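Coordinate-derived values only; no laboratory data. On a predicted model such as this, the values are computed, not experimentally measured, just so you know. Virtual Cβ from ideal backbone geometry, glycine too; neighbours counted across all protein chains shown.
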């Protein structure tokens with residue numbers, strides 16, 4: 001009797017959760033960079049560099065998660081089935097969301113390095129797609145993940161989704177600290193009296 005080696009299947013499952021958590025951390029860090037809340041602990045430029053590194057690491061783990069299943073003899077995915085939306089025989093809608101999230105994440109990470117060419121305003125608008133990539137990754141994990149029925153996975157998806165949503169609402173309500181003059185700063189200053 002031949003035993004089928006499921007090592008690659010376990011690796012793709014584990015790396016999927018690692019990639020999702022890294023994406024969650026990157027999105028959460030990006031959303032937390034508003035105002036002076038995080039700057040109490042770190043300078044903005046160091047935070048920005050760490051955020052960029054975390055995004056690049058996330059992309060690398062997502063690519064690993066996508067391709068490590070190729071050698072798995074039991075499933076037998078082809079490169080096309082993994083990289084083309086709706087080409088997968090396994091839960092094609094959810095797998096397509098994962099493919100779209102991969103491409104969108106790659107595009108967003110590339111924008112870090114193209115920021116000087118595309119300008120800050122376009123880069124900023126492009127970065128709003130991060131929320132879409134996170135939502136697609138969340139739904140991909142819930143719909144295509146084989147561990148979704150486990151209580152720990154449900155708690156993980158629920159808590160990370162809720163945290164990211166709350167940070168998004170906070171960011172939308174607070175706005176960016178750049179270019180905003182607070183009410184106290186807008187009052188006319190009295191001349192110095194000697």
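Taking other C-beta atoms within 10 Å as the exposure proxy, 5, 72 rank 5, 72 from fewest upward. For 95, 33, the sequence from fewest to most other C-beta atoms within 10 Å is 33, 95. Residues 127, 140, 51, ranked from the fewest to the most other C-beta atoms within 10 Å, line up as 127, 51, 140. Our summary gives region 7-174 a relative contact order of 27 percent, counting only alpha carbon pairs under 8 angstrom and 6 or more residues apart.
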